[in-house]
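Below: the structure, in structure tokens.
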């Protein structure tokens, strides 16, 4: 039996399913742990922006007994920052096609990025990847 997608868990959690909510948050936490600090900051800003679009509705803060066990675990400290060596910087530059990155950024600006369903689908694929 396959695991439900993040999207289906999100829908079930939104409908009040406590087990789906716990599973959804646990799987999201696994994804968030794999992100670097910059990407995690972008995710937080996006979530806050989406929350602000909810028509003024705000959720009350979670009570201690409502926090899923996986979210109550302490988060590992971020690794220390190590300066890039010139060799590593040169290697990284060789790995990136600047024109593709610029074209992608222009597309996001023009089209407004991807929708939440597509984002959940991409995140789900990342979790399922070995």
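The values are calculated or read from the model by the stated rules, or taken from the named source; none is laboratory data. Not measured: the values here are computed from a predicted model. Because the Cβ atoms are built from the backbone with ideal geometry, glycine has one as well, and the counts that use them run over all protein chains shown.
Numbers for the structure displayed
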read-out: Count of the stretch 1-21 residues which are over 20 Å from the mean Cα position of the chain (by Cα) and assigned to a helix (DSSP H, G or I); value: 2
read-out: Check on residue 15, modelled with pLDDT of 80 or more, out of contact with any strand residue (DSSP E or B) (no Cβ under 7 Å at 6 or more places or on another chain) and surrounded by fewer than 10 Cβ atoms within 10 Å (Cβ to Cβ); value: yes
read-out: Residue check, residue 78 modelled with pLDDT under 85, loosely packed, with under 11 Cβ neighbours inside 10 Å and in contact with a helix residue (DSSP H, G or I) (Cβ under 7 Å, 6 or more places away or on another chain); value: yes
read-out: Residue list for the stretch 114-129, restricted to those being loosely packed, with under 11 Cβ neighbours inside 10 Å and over 17 Å from residue 4 (Cα atoms); value: 115
read-out: Residues that are surrounded by 14 or more Cβ atoms within 10 Å (Cβ to Cβ) and within 17 Å of residue 123 (Cα to Cα), drawn from the stretch 1-12; value: 4, 5, 6, 7, 8, 9, 10, 11
read-out: Residues that are part of a helix (DSSP H, G or I) and under 21 Å from residue 34 (Cβ atoms), drawn from the stretch 89-100; value: 92, 95
